[in-house]
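The values are calculated or read from the model by the stated rules, or taken from the named source; none is laboratory data. Remember, it's a predicted structure, so these values are computed and weren't measured experimentally. In this analysis, Cβ positions are derived from the backbone assuming ideal geometry, glycine residues included, and neighbour counts consider all displayed protein chains.
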Amino acid sequence: MVSQINTHAEYLDPILIHHRHNACDLLQILIAAQDHYGYIHSDAIDHLSEQLQLPRSKIEGVAGFYSFLYLQPNGEYRVLFSDNITDRMLGNTDLMESMCGQLWVEPGKLSEDGLLSINTTSCTGMCDQGPAMLVNNIAINRLTHERVNAICELIRERVPVSAWPAMFFAIEDNIQRRDILLSSDFQSGSALAALLQRGTVETLQEVKISKLRGRGGAGFSTGSKWEFCRAAMGEQHYVVCNADEGEPGTFKDRVLLNNFADMVFEGMTLCARIIGAEKGFLYLRGEYRYLLEHLQAVLQHRRQQNLLGNGILGLSDFNFDIEIHLGAGAYICGEESALIESLEGKRGTPRNRPPFPVTHGYLNMPTVVNNVETFAATCLISLQGGAWYAGIGTDTSSGTKILSVSGDCERPGLYEYPFGVTVAQVLSDCGAADTQAVQISGPSGVCIAPDEFNRRIAFDDIPTAGAFMVFNQSRDMFEVARNFVHFFKHESCGFCTPCRVGTSLLSNMMDKLAHGHGSPYDFAEIEKLNVLLQSTSHCGLGHSACNPVLDTIARFRPAYEMRLAHKNFVPAFDLDHALSQARQMTGRDDTGAHLERSHESK
């Protein structure tokens, strides 16, 4: 045992030194530790517990919270098929079944030889070029049977993922329409220079004049948030960029970080100057790990340009730097307080609010948390002024919004529009035809029918974090809603009973309808469940879990009514069907061997 622990110390100690034995970096330490063995070894937990002075139970609790971390062997190759509805529409189920068949492994289980595991995960942010998968947390998109066959052969031959063909990992940007942000020819340092010339307080005023609202979906005033944080008392102030876009159907941050990372980091630095922060974090979703090396290179280049670090642009009182923290497969960490908990090395459980992060955020200090797109937009405001920005869009929704368009259309990808664009215009531009429905802002958003396509993308009509999924007349909207409900069940953090139990009950009800046991009673139960989740859930996940079902019942009721096989309540469990295997074993299929037929004969 001693020699084994020493072996773990050999690779763990450099990780701990890199993270300064900081318990707040526990998640990052666990991710790095898992990279060594493919899972987090039990003896490694003992070593980490001793070195970080943390209870073993806390380390195991954190590791068990994140779906990309494993406490048991999970294979040399860990394959996760993206199971968002757009992946389903493109045939991910058949591809996964083919791969499982070729490699003789059951979904969700480790192969007998310990070589691999195959399972599903939530949306990987590749909706414009699916079906997609993650192999050892690295994204592969545009899957076909030919590509899956080739991957199976590489796994059989135990070829390291790093040696797989580069074309497998090619991710396209698919920018289809550009406006002020995506067409910007941004020069490093220009927004900071404008701030220094104008003045810190004056630049904050320009952000307020611009009426910029957060692009993560909630739409809170960016200028007000920065002003509240600037005024808050605390030894340190922090800037956090939320790049954990886990909402199914959203992938704009992926493209912004690939093409405009310099602009995003400069926006964070603007914020730091205004609120008095010296430390910043970019929280990068685990599915975008392939961007990590690129982002680190951009940060290093900014340091070399004297745009990060100590004495930025020669000012002795301007010190600010940024660290990148990886997520590990937890949708709930997109909620700002859960993200902060994760940054602190904890389970990503949303906090009670108030207090809000602007006064009690990271390490209980004043913290600004903004979206990737929001930080990028602040650079435009610093350069062009608040009045210029406020003149774009609508009175209540200034500037532009980037939409992640996917589903049944000829040209999926990113579309940037001034706020106020109609849904119909977006559908026309992306080449959508025979459209039955559009899901805007992901499962937690709204699903609209053709008679609403004249509605506008704006905070006073349809607000959105960016997802725009298109479904034509061939799609079963019940199955769309059912996929979203399963997503919420999978991603519930489990903290509060209403959400933990409620999302499971809702999922069971949708499965019951799908299996032919539905009745009007189930509609009434879904309505009751929605009231319960809305009134008692701890955070927004539970509040919005019923949205996809209620929206589709209201607008596409025939998709549900065709599944109401009974007028009166019928239990979900079918005992007669459960006995089918016994009938097969005994060779009986007569009337007496069936519960319903036997009952009817009497």
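Scanning segment 166-198 for residues that are over 30 Å from residue 138 (Cα atoms) and in contact with a Cys (Cβ under 7 Å, 6 or more places away or on another chain) returns a single hit, 191. When the residues of segment 388-430 are filtered to those that are among the hydroxyl-bearing types (Ser, Thr, Tyr), in contact (Cβ under 8 Å) with a residue 40 or more places away in the chain and surrounded by fewer than 20 Cβ atoms within 10 Å (Cβ to Cβ), which remaining residue is farthest from residue 178 (Cα to Cα)? Among those that are among the hydroxyl-bearing types (Ser, Thr, Tyr), in contact (Cβ under 8 Å) with a residue 40 or more places away in the chain and surrounded by fewer than 20 Cβ atoms within 10 Å (Cβ to Cβ), it is 396. Residue by residue through segment 477-492, note down the ones that are at pLDDT 90 or above and acidic (Asp, Glu). Across segment 477-492, the qualifying residue is only 479.
None of 122, 162 is outside the structural domain of residue 319 (by TED's automatic domain parsing), hydroxyl-bearing (Ser, Thr, Tyr) and without any contact (Cβ under 8 Å) to a residue 60 or more places away in the chain except 162.
Of all residues in segment 422-432, none satisfies being in a strand (DSSP E or B) and closer than 22 Å to residue 125 by Cβ. Of all residues in segment 313-350, which are of a type in the set (Asp, Glu), touching a residue at least 24 places away in the same chain (Cβ under 8 Å), closer than 17 Å to residue 370 by Cα and not in a strand (DSSP E or B)? Within segment 313-350, 335, 336 qualify. Using the structure shown, decide if residue 94 is in the same structural domain as residue 156 (by TED's automatic domain parsing), within 30 Å of residue 548 (Cβ to Cβ) and surrounded by fewer than 16 Cβ atoms within 10 Å (Cβ to Cβ). Answer is yes for this residue. Filtered by the rule that a residue be out of contact with any Leu (no Cβ under 6 Å at 6 or more places or on another chain), within 23 Å of residue 208 (Cα to Cα) and not in a strand (DSSP E or B), segment 274-286 gives 275, 276, 277, 278.
Of all the residues in segment 541-565, those that are in a loop (DSSP other than H, G, I, E, B) and farther than 14 Å from residue 509 by Cβ number 4. Taken over segment 491-510, the residue count meeting the criterion of being buried (at least 16 other Cβ atoms within 10 Å of the Cβ) and within 19 Å of the chain's Cα centre (by Cα) is 7. Just one of (1) out of contact with any helix residue (DSSP H, G or I) (no Cβ under 9 Å at 6 or more places or on another chain); (2) within 25 Å of residue 244 (Cβ to Cβ); (3) outside any loop (DSSP other than H, G, I, E, B); (4) not hydroxyl-bearing (Ser, Thr, Tyr) fails for residue 108. It is (3).
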